[in-house]
Amino acid sequence: MSRDRVNAAAPLVMHLALVSLLFDVVCRALEHGLALPAKRARVLGWLVVLAMLLAEATGRLWPISLLIEPPQVYGLVAMSAIAVAMLRDEGDRTAFAVSMGVIFASQYLMKVATLAFAPVLAVLAVLLAVHGGARVDGGALGARLRTGLRLGAMMLIPGALMVLLWRHTSPPASCLTSPLAVLQPDQMALALAPEAVDLARRFAGAVWAYLSTYKAPLTVLAAAGMAWGFTSRRHYGVALLVVLYGGGYLFALYWYHLTCWSAISADTLYSIERYTRVPVRLFHAVGLLLLVLLTIDLAASGRFAWLRAAFDDRRPFLAAAVAVAVLGAWQVWQVDRTIVDLATRKFQDMYRPLVQIPPDAARIRAMRGNELPPHPRVALIDQEWPVDAWGIANYYAIGTRYGGPLKAFTVIHHLRWETGAGAENQEALAADVVDVLGKADLVWPIGVGERLRSTLAPHIADAECRRNPTAYFLLPNGRVPLSFTCLPR
């Protein structure tokens, strides 16, 4: 399996781990709360997690992109599910706290925004101290406080160590990597500026426009689970944690727009849908989980005999088994479709460079030592395309052989004239372009504008290559006058 396909499978592995955790939480509640046989509990547990996958409460089982948000959601939902187990007193709280600390630390290594969950973990430690449970000797206040401090330390210290280690090895370069940079006195003063009110209005409007339309039925169900959770002594803590995190996350997103991104553009709201989806999916997943757990607890209470009987009746169990088979088959079909899409991009439109660069990079690797030097210098021409072809090309240049070079080739120049630039600017750039390209071992044209095409034409003998240079690699002869040999891609 190729490297990029292995990378594409990483979110699937993390999502499967989350699904397994949710399955265990539900099965434990069924077995302990209702004393159901293990077989019946597992079928019902599968029904719950497959229904959540069908609704994409945590997204598709196998995401079709490598964006950071899906792994963020998996980690947040996993920590929330563990918090559910801790507050329900469903297992060894020490082991739960250690697991949560490891997840929190690994989440920070993926994205600094994970720090927004640190106050939530501190609140969870307080809740564990307040509701010490049977495992705290005698339930004394001192013992509960010691328990809360111990569990809080286990949850927070691994993340704190990662923060210190990361800052020591990679000092913050901007406000994007250092939250403290947006908490300086001059930044705090922006909260009183007139533009802060206008930004808050636009930001709140954009967030609400997204929240009110994204999976509205799922939002209603999750809200019902959250509201019900606030009425339960064993579950109000988890509902509170999700609300605190969502509020803190959205405020931090607003604050970054005000203090960090305003230097780029004060009028732009950046990726509101993408960033807001993180707390929304946490809300959906935990809200649905609470709805299921509270339904189980209600059945176990005996207040509704018909509800308790439904869990023991053979007919609902058979219906659940059939539903599990159907929903499981649906997920298998979805995963197969994702595999095809990741390999061919058959089902989604993609910018051409995203599809074209991987095989081109493989061809450049294969030409090393033959048409090209062992470590070629590559000039990339990337005009007319709205994606970062340079970043993608550098990714596929990374070496893959143990003990080999860090990069199989080096992109020494990235020619990307601005769309709509004035003619005088284009002419000034064209005067030097041939000299720049001549210093490369290979010219890699992905998108070539008309002006550059006419600039290159006198140096290309092949008529078809002159007409359509993006179908070829160009090899400079290194002499004066410069000419290019065209190799079909």
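Just so you know, all these numbers are worked out from the coordinates, no wet-lab data involved. Since we're looking at a predicted model, the values are computed, not measured. Every residue, glycine among them, receives a Cβ derived from its backbone with ideal geometry; neighbour counts consider all protein chains shown.
Rounding to the nearest 10 and keeping the result within 0 to 90°, find how far the Cα-based axis of helix 314-344 lies from the longest principal axis of the chain. Around 10 degrees separate the two axes. How large is log10 I(q)/I(0) at q = 0.26 Å⁻¹ when the Debye formula is applied to the Cα atoms of the range 180-245, each weighted equally and without solvent? Rounded to two decimals, the profile gives -1.03. A Förster radius of 35 Å combined with the Cβ-Cβ distance from L141 to W306 puts the calculated FRET efficiency at roughly 0.25. Here the range 157-209 has an Rg and Dmax of 15.8, 41 Å, counting Cα atoms alone.
For the range 198-293, the alpha carbon positions stretch 46, 24, 18 Å along the principal axes, listed from largest to smallest.
Considering only Cα atoms, the convex hull volume of the range 267-401 works out to 221 Å³ per residue.
Across the range 455-467, coupling constants 3J(HN,Hα) worked out from phi with the 6.51/-1.76/1.60 Karplus curve, θ = phi - 60°, read 5, 7, 3, x, 9, 10, 7, 6, 5, 5, 5, 4, 6 Hz, and Gly and Pro carry x.
Tell me, what is the FRET efficiency for R315 and A224 to the nearest 0.05, using R0 = 35 angstrom and their Cβ-Cβ distance as r?
Numbers: r = 26 Å, r/R0 = 0.75.
E(calc), rounded to 0.05, equals 0.85.
Taking θ as phi - 60° and the Karplus parameters 6.51, -1.76 and 1.60, the scalar couplings of the range 229-238 work out to x, 5, 8, 10, 4, 7, 10, 4, x, 5 Hz in sequence order, x denoting glycine and proline.
The modelled label-to-label distance for the pair D462/L165, using points 7 Å beyond Cα in the direction of Cβ, is 5.0 nm. Against the main long axis of the alpha-carbon atoms of the chain, helix 272-301 sits at an angle near 20°. Relative to the longest principal axis of the Cα atoms of the chain, helix 118-130 runs at roughly 10 degrees. The length gained on full extension between S174 and Q348, counted as 0.36 nm times the residue separation minus their Cα-Cα distance, comes to 59.2 nm. Scanning residues 5 or more positions from K407 or on other chains, those with amide H under 5 Å from its amide H are G399, with H placed 1.01 Å from N in the peptide plane. Listed values for the range 78-90 are Karplus-derived 3J(HN,Hα) couplings in whole Hz (6.51 cos²θ - 1.76 cosθ + 1.60, θ = phi - 60°), namely 4, 5, 5, 5, 5, 4, 4, 5, 5, 6, 7, 6, 9, and x replaces Gly and Pro.
Under the classification rounded if a/c is under 1.5, otherwise prolate if a/b is larger than b/c and oblate if not, where does the range 1-129 fall, given a ≥ b ≥ c as square roots of the Cα gyration tensor eigenvalues? It would help to have the intermediate numbers written out before the result.
On the way: a/c = 2.32, a/b = 1.16, b/c = 2.00.
Oblate.
Using just the helices of the chain, give the 222 nm mean residue ellipticity in deg cm²/dmol: DSSP H runs with n ≥ 4 each add -39,500 (n - 2.57), and the total is spread over all residues, rounded to 500. Before the final figure, lay out the partial values.
Values: 18 runs with 310 residues, N = 489.
So the calculated ellipticity at 222 nm is -21500 deg cm²/dmol.
Mean separation of Cα pairs under 8 Å and 6 or more residues apart, divided by the residue count, gives the chain a relative contact order of 14 percent. FRET efficiency for the pair N477 and R365, taken as 1/(1 + (r/R0)^6) with r the Cβ-Cβ distance and R0 = 22 Å, rounds to 0.45.
Annotation for D341 and W208: the two label points, set 7 Å from Cα along the Cα-Cβ direction, are 3.3 nm apart.
Can you tell me the length gained on complete extension of the stretch T268 to L190, counting 0.36 nm per residue apart and subtracting the Cα distance? Contour length minus the Cα-Cα distance gives 26.4 nm. Per the Kirkwood formula applied to alpha carbons, the chain shows a radius of gyration over Rh ratio, Rg over Rh, of 1.06.
Sequence-distant contacts, meaning Cα pairs under 8 Å at least 6 residues apart, place the relative contact order of the range 156-297 at 34 percent. Label positions at R489 and N7, each projected 7 Å from the Cα along the C-beta direction, are separated by 1.9 nm.
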